[in-house]
1. Filter the stretch 514-561 down to the residues that are of a type in the set (Asp, Glu) and at pLDDT 95 or above, then identify the one that is surrounded by the fewest Cβ atoms within 10 Å (Cβ to Cβ).
2. With the structure loaded, tell me whether residue 387 is within 24 Å of residue 256 (Cα to Cα), over 19 Å from the mean Cα position of the chain (by Cα) and not in a helix (DSSP H, G or I) or whether it fails that test.
3. If a residue must be among the charged types (D, E, K, R) and modelled with pLDDT of 95 or more, how many such residues does the stretch 480-499 contain?
4. Please state which of the following conditions residue 155 fails to meet, knowing it meets all the rest: (1) small (Gly, Ala, Ser); (2) closer than 30 Å to residue 447 by Cα; (3) touching a Cys at 6+ places or on another chain (Cβ under 9 Å).
5. Please find, among 419, 445, 500, the residue that is on the phi > 0 side of the Ramachandran plot and not small (Gly, Ala, Ser).
6. Considering the stretch 263-290 alone, what residues qualify as being buried (at least 21 other Cβ atoms within 10 Å of the Cβ) and under 26 Å from residue 76 (Cα atoms)?
7. Mind checking whether some residue in the stretch 204-225 is among the polar types (S, T, N, Q) and free of Cβ contacts under 8 Å to residues at least 12 places away in the same chain?
8. Please count how many residues of the stretch 103-157 are over 17 Å from residue 483 (Cβ atoms), in a strand (DSSP E or B) and either free of Cβ contacts under 8 Å to residues at least 24 places away in the same chain or not hydrophobic (A, V, I, L, M, F, W, C) (or both).
Amino acid sequence: MKIIVLYFLCFYSAVQATEITNLKCEGQTNPSGITKARPSFSWTFIGDEVSSKQGGFRIMMATSIEKLKYPNIWDTGPTSKSETGPYQYLGEPLKSGQKVYWKVTAWGNNRGVTHSKPAWFIMGEIDNPEIAFEPPVFKQEDGVVKITLNSKDKGRTFEGIGGVSAGASTDLLYDYQDPDRSHILDLLFKPKFGASFQHLKVEMGGGENSTCGSEPSHAITREELKNPVSRGYEFWFMKEAKNRNSDMILEYLPWSFPGYLKDDIYTKESAEYFVTFLDVAKRDWNLDIDWVAAAENENYTDRDWLVNEVRPMLDARGYKHVKIQGPDDNSGDWQIFEELEKDSKFNDVIKAVGYHYVTGREFTEDMVDGRGRPTTEKAKASGTPLWASEDWSWTGKDWGGAGALNLARVYNKFYIRDKITKTLIWAPIGSIYKSVTWDKAGAMKANSPWSGYYEVWPTIWATAHTTQFAMPHKWQYLDSGCALFDAATYKGSCVTLKEKNSSNWSMIICTEEAETMEVNIEKGLSKKIVHVWKSNEKEQFVKQESIKLKKGKFTIKLDPKSIYSLTTTTGQEKGEYEIPNEKAFPFPYTEDYENRNIGDLPKYHSDQTGSFEIVEKADGTHCLKQINPEQGYDWMRVYRRSNIKPNTLVGDVNWKDFTCSVDAFIEGGNVELGGRVQGSYLKGYRFMLEKNGNWKLLFDRETLSEGHINAFDSEAWHNIKLQFRDKEITAFVNGESITKVNHKTKSGYVLLGSSYDANMFDNLVVSD
């Protein structure tokens, strides 16, 4: 117990020893009279023994100290850069006389997040002031919005809307049974039926918790890299999406890597690991993936690795058709264009540029106005496709706030403000146990596979307002029909698209206020009947009375806080199925792991860290095995606690008084059986048994009791049991009571945990 206390004291001291000081603007502390339009910033990072060097930073700027929480001038977002400056301002143009408050958040290479004290600077008379971007606004006469559609005004090619399945967000969907699972997949991917997502980006799993759980790797060891394995559900998910839409565009991005690739993921070996994912997709699933994202989620692109290793290897292995998108960074600064401009080889490799959370990461009302992290003029002028390669990440359950209406506004805003032609949202579906990280995110919910119950949220239909009315690459924006109703915010907007090989057109409209809109259709665009679809808070995706044009014109009255799609195409549908009733997780519950094939995922289990899969025992029966031999290399390593071991959850978050037991074989290290556990980070009661017979009963990080089992057979299977009765918790090994404590009454899941060893579990039972 004393050792544990000392550890925490040391940890606390280590974190507190890290400082960020000496904040400077143009080399000055809190200066006045800055004349550069884009000043530079620097600071000093003071580390400690644990985190001696900076592992990343975030700069935030606002009009007041209070608003630094939700920066309303500029926010770099978290970066993986070790430099402490100078770092140039890349936000919207600053104004003469403007006072700006700023601060820096930074973290070490291991752990610990530190915030600087706020600093400030005042702009003087700017030497070469920049002109702020002014969004296009439709003309109005007597309160009527006037729009003239010109077929010759082509605009950029529409590249589509899709979803990002990553961070274990699709975890529980795999366990649904047909027909319910097929119905859910139809609502996600079937064209002109539901959300009709046109792209699917998946995580290349690495066996570490990348957001709300972990996904297994296709090559856990160097030996497996020679013959990679199809694991998890992402290959299956891509195949199901492709089955519903043969034109589905597929791409992937790693969030974590197996341990043998750390601490340098920019090597020839990691390029091999990167490319073998395509081998598995083709060999086992007959999938041709279209895009690969550059290196690692939300950590900056390594130019030399892409140019000298990845691109040549893709070409040599028969994947010349696979394009590279970069940087998939979360900085939102679009700085890569400064590099691409000076480097033709790098420019040749990067075929599209995508950033995460161009909206801005935290939700406020500012997410739907002109703020956030807009593209630069250099980016727009480059001719390179611009993508919001991951964005939104909120619950689709709501209409207002960060919900459905906001998302539809974002789709429009990205083209009007940024010339972004493709948007991917995290996540298309929330198939995640309650209480784990981001458990409420998703465009729809499906986290009850034992019942077949799911929820179709308004966000599905907000997305359908675009995806059912325009197809990627076959349609293009008409800039004459893309603008705002009011320059003050992006809440009221309209974008218009035209089918390239026909005269068909579609308009997607988001309103804040009631509007009357008069549309004049010029030569080259269809003047036949206009079909109207509408969504509001009360009901979504409802077909309205069609409009007949008179002399190429029509007028329509629009309700406030609504989404409309106007189109000359047909075939759109609000698909729906009968949804089964929701039921609680089955209780009592037993699992002998015989209902899945060798190498498959265990039913209803949700890996939070590490990888657990079905294996065959010596007697020919099945059991569950933890297969990661060491801790991996996690994209969020600078934030995560380093002592989180492999674990998987199963059950009901509301379980309170129950008994759980499991047979365990300890190949090495230790195993854990937990109960009343919530979240992704071992929050709850856990009984840990080591191979040498030592044991501990833990609550979170607190040791409640510990001891040793004499004459412990380290080569045998052992039964572990936990019994919960109000505040009383009793642990048993092989039927004998080991310890009993009185502590807290809470509820939660059953947990199976393991060190990074090939430990096995069988015959899980949860009962009264």
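The values are calculated or read from the model by the stated rules, or taken from the named source; none is laboratory data. Worth saying up front: this structure is predicted, and the values here are computed from it rather than measured. Neighbour counts run over all protein chains shown; Cβ positions are idealised from the backbone, glycine included.
1. So, considering only residues that are of a type in the set (Asp, Glu) and at pLDDT 95 or above, the one surrounded by the fewest Cβ atoms within 10 Å (Cβ to Cβ) is 545.
2. It is false that residue 387 is within 24 Å of residue 256 (Cα to Cα), over 19 Å from the mean Cα position of the chain (by Cα) and not in a helix (DSSP H, G or I).
3. Of all residues in the stretch 480-499, those among the charged types (D, E, K, R) come to 486, 491, 498-499.
From what's left, modelled with pLDDT of 95 or more: 498-499.
Qualifying residue count for the region: 2.
4. Evaluating residue 155 over (1) small (Gly, Ala, Ser); (2) closer than 30 Å to residue 447 by Cα; (3) touching a Cys at 6+ places or on another chain (Cβ under 9 Å) leaves (2) as the failure.
5. Only one candidate passes the filter, namely 419.
6. Result: 265, single match.
7. no
8. 6
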